[in-house]
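The values are calculated or read from the model by the stated rules, or taken from the named source; none is laboratory data. Everything quoted here is computed from the prediction, not taken from an experiment. Virtual Cβ from ideal backbone geometry, glycine too; neighbours counted across all protein chains shown. Protein only, heavy atoms only, side chains kept; ligands, DNA and RNA dropped before computing areas. Shrake-Rupley method; radii C 1.70, N 1.55, O 1.52, S 1.80 Å.
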Amino acid sequence: MPTSHSRAGVASVCAAALTLSGLLVTGVLAARPAAAADPADYQNVRINEVTSSNDDTVELYNAGSTAVSVSGWKVSDDSFSPQSFSPSSGTIPAGGFVTFDSPKGLGDSDKLVLYTAGGTVVDRVEWATGKAKPAMARCGGDGTGAWVTTTTATTFGAPNAPGCPASVPAASRVRINEVTSGDADTVELYNGGTSAVALGAWKYVDGDTSHSPAALSSASPSATSIPAGGYVTFDSALGLGDNDSLFLVDGNGTTVDSVTWATGGAKPSSERCANGTGWFRTSTTATFGGANSCSGGSGGSGGDGGRLLGGGGALTSGCAPEAPTGTGSAPAGTLAWPGGKDVTIADDVCAFTTSTGPEGRDLSGLAFDPSNPSVLWAAKNKNWLFKLVKSNGKWIPDPSWSATGKQLRFLGGSGEPDSEGLTVGGNGHVYVTSERDNAKNTVPKDTIMEFDPTAAGSTLTPVHQWDMTAQFPQLNTGSKDDANLGFEGVAYVPDGWLTANGWVDPLTGAAYDPANYPLHGSGLFFAGLEWDGTLHAYGLNSDGTFTTFGTIDTGKDSVMDVTFDAGTQRIIATCDNTCGETHTSMKVDSTGALVPDVTYTNPAVMPVDNLEGFAIAPASTCVDGSREAVWADDGVYGFGPGSSSYGHALYSGTFPC
């Protein structure tokens with residue numbers, strides 16, 4: 001739980017064992033700097049070309065008559081905080097281009113949002129799988145044309161025409177033509193092509209990134225097709241704010257058109273001038289269903305623009321996100337994340353509410369099922385286990401197992417295990433660690449419990465349970481904070497890996513021989529202690545006893561999760577913001593000891609939160625050299641109130657095979 005990471009309350013008799021420097025600066029937020037003034041004519045800058053391969057390059061075009069400074073501008077993909085980029089030039093001349101390699105990491109299907117230094121949305125593009133390879137480009141006019149996949153090599157730094165197809169698809173000629181954010185929140189589409197376009201699978205979404213796209217076919221009135229040279233109008237079911245955005249997406253998930261307006265910009269309406277092709281400007285008269293009047297307005301440049309509405313906060317009424325605590329620095333020598341730069345939100349908001357944890361947070365340990373990598377197991381601190389499966393790109397509770405999770409009990413069916421870490425054993429059972437009984441939260445109860453996931457019922461009791469509490473007297477001080485610094489993660493490590501790598505048994509001083517421990521099964525369990533970042537190796541015997549193989553130093557102040565990755569042949573000890581959001585791989589060295597190998601930080605786009613859970617998909621799932629990595633946020637805080645990640649627990653990225 002997040003509160004466990006602030007160690008100021010640890011008993012004085014053990015205080016010398018802790019490193020507090022850097023941990024107590026958490027919670028002090030720097031004052032937000034005043035928003036930078038937007039440069040003149042910034043509305044004329046448009047995303048003009050994008051590629052989602054190699055360096056993930058982006059081209060911007062200035063359609064205006066004056067140069068525009070892009071100093072301090074940022075990009076995001078709508079899921080994470082905007083990131084700075086290094087343009088080929090700090091200023092875009094009139095009619096000119098700048099390019100940059102996206103710091104965000106652009107996926108095979110993704111989106112890109114461009115902001116000024118002050119946070120104003122300038123432009124956005126979204127694409128479906130394969131559409132940005134070799135590139136997505138505006139065709140039919142730099143800065144204003146329709147987004148299509150280019151047919152030749154990219155044309156970064158030059159006009160797009162040489163890379164554009166001979167004819168622009170009919171669907172790409174449909175434009176958002178007029179919008180009002182008044183009582184009706186009405187939208188008008190215009191078809192500038194010579195043939196009708198079916199809209200049955202098309203969707204639209206506003207600037208609130210927590211909103212799911214709405215279908216045009218379910219709009220009022222229903223919009224299922226648009227005639228050549230004709231119009232379709234409908235009322236937005238999402239609600240359009242006084243400063244907001246609207247994005248039109250075709251049936252393949254590719255952006256067709258977008259508009260963003262500032263306060264007052266869509267009252268009475270914001271319309272294209274000229275009709276169907278020009279920039280948006282505020283009008284004095286709405287003309288839905290007919291050609292735009294282009295009366296009144298906001299000046300010659302018009303253009304998209306306005307503040308991005310954060311989104312997410314209003315939807316968290318069913319849970320109570322908790323700000324991170326215990327922030328510290330990463331160990332010396334930590335390397336950058338070796339996988340993809342792109343990370344996405346991978347769950348529904350407030351998805352893990354339970355009868356003992358209605359606040360919806362406290363999702364902690366994660367583990368892929370090695371026999372079925374389409375299953376991700378998750379432990380929630382307040383004695384719950386979730387079996388997760390993928391649905392529309394998100395991890396959701398498997399409804400065939402339990403849509404609301406199953407409650408865990410200690411052996412005998414009593415108590416409320418403070419379930420933190422979990423792993424899947426060689427027998428297919430799920431092993432869960434507990435730091436204490438939440439019904440008696442000042443008393444440590446460091447246990448490993450074995451559950452049969454095929455057992456019927458909404459409550460699970462252990463098949464076996466092993467209690468190691470007596471080994472950690474430093475946690476038994478009568479303090480709930482100390483009791484909450486016990487077993488935070490656990491990993492099952494096969495005997496075959498230990499023997500093949502020459503691990504020396506600390507009990508015998510010789511090469512580990514599994515035959516010496518006939519009741520332990522097919523592997524050992526390595527439990528991570530949050531108190532000091534050590535790993536503790538155990539043989540869990542079928543008669544309820546256990547063998548202790550000693551303590552391993554991870555080089556970290558804390559451990560929040562432990563996983564064995566067969567792909568890299570390493571045991572991975574994970575720490576959240578307490579240790580700078582890092583993952584340390586453990587290997588067997590030439591002496592037969594388990595030692596730290598290399599430490600990586602999280603992808604730069606991720607929030608710095610109590611990210612306690614971490615899992616890497618088996619190598620069998622690899623595609624194009626990568627496989628999925630998943631993180632769990634114990635406090636579902638994301639980037640804080642108003643951000644699209646607020647109220648979410650799971651994040652998905654990629655890790656090398």
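Can you find, among 363, 637, 160, the residue farthest towards the positive end of the dipole of the chain? Put +1 on the C-beta of Lys and Arg, -1 on that of Asp and Glu. The residue sitting most towards the positive pole is 160. Dividing the radius of gyration of the alpha carbons in region 546-657 by their Kirkwood radius gives 1.01 for Rg/Rh. Among residues other than residue 117 with Cβ under 12 Å from its Cβ, the summed charge is 0 (Lys and Arg +1, Asp and Glu -1). One equal scatterer on each Cα of the chain, no solvent, Debye formula: the resulting log10 I(q)/I(0) at q = 0.05, 0.12 Å⁻¹ is -0.27, -1.17.
Of all DSSP-defined beta bridges confined to region 329-480, some 95% are antiparallel rather than parallel. Between residue 608 and residue 595, the contour length at 0.36 nm per residue exceeds the Cα-Cα span by 2.0 nm. Sorting the segments 446-459, 100-113 by their mean number of nearby beta carbons within 10 angstrom, highest to lowest, gives 100-113, 446-459.
Multiplying the residue separation of residue 624 and residue 522 by 0.36 nm and subtracting their alpha-carbon distance yields 33.5 nm. Per residue, the chain exposes 36 Å² of solvent-accessible protein surface, assessed with a 1.4 angstrom probe and all protein chains in place. Placing dummy labels 7 Å off each Cα toward the beta-carbon, the span from residue 332 to residue 201 is 5.7 nm. Summing Lys and Arg as +1 and Asp and Glu as -1 over all other residues whose Cβ lies under 15 Å from the Cβ of residue 595 gives a net charge of 0. Heavy-atom surface analysis with a 1.4 Å probe gives the chain a carbon and sulfur content of 52 percent of its accessible area. Could you calculate the FRET efficiency of residue 320 with residue 252 from 1/(1 + (r/R0)^6), where r is the beta carbon distance between them and R0 is 35 Å, rounded to 0.05? About 0.35, to the nearest 0.05.
Taking Cβ atoms as reference points and 12 Å as the exclusive limit, the residues near residue 604 contribute a net charge of 0, counting Lys and Arg as +1 and Asp and Glu as -1.
Going down the list 111/341; 445/587; 111/380; 104/133, which pairs span over 20 Å between their C-alpha atoms? Where the Cα-Cα span goes over 20 Å, the pairs concerned are 445/587; 111/380. The simple spin-label model puts a point 7 Å past each Cα toward its Cβ; for residue 403 and residue 151 those points are separated by 4.9 nm.
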